[in-house]
Amino acid sequence: MTLLFCSASDSAEDWRREIARHLPDLEMRVWPETGDVADIEVAVVWKPPAGMLATLPNLRLIVSLGAGVEPILQDSTLPDVPLVRMVSEGLTVDMAGYVVYQVLYWHRLMDAYAAFQAEARWEQRDHRPASEVTVGFLGLGELGVASARTLRTLDYRLKGWSRSPKSIEGVESFSGPDGLAAMLPQCDVLVCLLPLTDETRGIMNAALFAALPKGAVVINAARGGHLVESDLLDALESGHLRGASLDVFATEPLPADHPLWRHPKVRITPHVAGVTHPSLCAVQVADAVKALREGRPLPNLVDRSRGY
Ligand code: NDP
């Protein structure tokens, strides 16, 4: 069996080494060195060029190196073969760590203490106990649930919004438009971990910010397309929102002259909240290939009609 690897932002050699540990008999080619395209049955991709997958006549499986698959689904020539996405404990633990770090930063007033340190100023400020701080999640899937569970160990009050209602210990579940409207006014911190679909694009906009209590903080670790950046800047400028932690942007890399870079209430990371580590995630690629070979149900299959 021959696999084609295509990603501009991952080390093909690291993936070759790690995939070979699980599938030593598999041949891996690296795009654009495809050789005879008729040989290729599996494509492992992150942001493949539009039209590339359609050039593989015998393709049987697409594996996304990312948990979010919108860069693949937006290709209008995408062949009608199964698409599986990355779900891995390594990525999930990474994301939960990012979310906990950002929640603690804002809740424990690290923004104020960083400013005080710059002035060698010893000043103690009161912060509320975690049990009185509500963190709401947009999206209660693999990453939202893991992040909420980790925050629960620190005693935060937790709420989450998803398409279908959930029963998760310690997390109050909301769904549908009414559920979102009911949850937002209760959130001191709002974390976005939704997939980017037609329904969720632009969801973090002026109306959503207005529904949050004054002084709330937003964390976007999902996709830049969820956030209307100009609305966020307005909500920060007006003082309605206290701050924002952003890992993803409408344009990546974020242009050097973008106002978000230097905004004093914004913390920026360059799309690193949850990383697909080859040493931890190659086993997921191998599991999908083995399931295909053995005719078993594919793990983490994307429902194309839902878009995630
Ligand atoms: P999942 O598919 O496991 O979970 C998605 C969640 O969003 C589900 O709870 C789903 O509801 C909910 N959802 C989807 N559409 C809607 C809607 N219209 N209204 C309300 N809820 C909705 O995804 P993951 O948790 O694995 O990943 C989430 C996203 O995180 C990815 O799609 C990707 O964009 C982003 N990501 C970012 C990374 C980074 O480094 N910044 C790294 C990895 C992922 P239901 O459960 O009812 O289906």
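The values are calculated or read from the model by the stated rules, or taken from the named source; none is laboratory data. What you see is a predicted model, and the numbers here were worked out from it, not measured in a lab. Quick reminder, even Gly has a Cβ in these numbers, built from the backbone with ideal geometry, and neighbours come from all protein chains shown.
Which one is farthest from GLU132 (Cα to Cα), of the residues in the stretch 78-113 that are away from the ligand (no atom under 12 Å from the Cβ) and in contact with a His (Cβ under 8 Å, 6 or more places away or on another chain)?
Among those residues, the one meeting the criterion is LEU109.
Would you mention how many residues in the stretch 131-164 are more than 8 Å from the ligand (Cβ to nearest atom) and either under 20 Å from LEU184 (Cβ atoms) or of a type in the set (S, T, N, Q) (or both)?
The qualifying residues number 16.
Which residue out of VAL248, VAL289, VAL218, VAL228 is surrounded by 13 or more Cβ atoms within 10 Å (Cβ to Cβ), of a type outside the set (Ser, Thr, Tyr) and not assigned by TED's automatic domain parsing to the domain that holds GLY136?
When all the criteria are applied, what remains is VAL289.
Can you name every residue in the stretch 218-266 that is over 27 Å from VAL69 (Cα atoms) and either in a helix (DSSP H, G or I) or within 14 Å of the ligand (Cβ to nearest atom) (or both)?
LEU233, ASP234, ALA235, LEU236, GLU237, PRO259, ARG262
Looking at the stretch 169-187, which of its residues are at negative phi, more than 10 Å from the ligand (Cβ to nearest atom) and outside any helix (DSSP H, G or I)? Full working, then the answer.
The first filter runs over the stretch 169-187 and keeps only residues at negative phi, leaving 169, 171-175, 177-187.
In the following step, the residues that additionally are more than 10 Å from the ligand (Cβ to nearest atom) were identified as 169, 171-172, 178, 181-187.
Scanning the stretch 169-187 gives GLU169, VAL171, GLU172, CYS187.
Residue by residue, here is whether (1) in contact with a Gly (Cβ under 7 Å, 6 or more places away or on another chain); (2) closer than 22 Å to GLY225 by Cα holds:
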site: TYR101; (1), (2): no, no
site: TYR105; (1), (2): no, no
site: ARG149; (1), (2): no, no
site: TRP161; (1), (2): yes, yes
site: GLU199; (1), (2): no, yes
site: MET204; (1), (2): no, yes
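From (1) crowded, with 22+ Cβ neighbours inside 10 Å; (2) over 21 Å from the mean Cα position of the chain (by Cα), pick out the condition that doesn't hold for ALA211.
(1)
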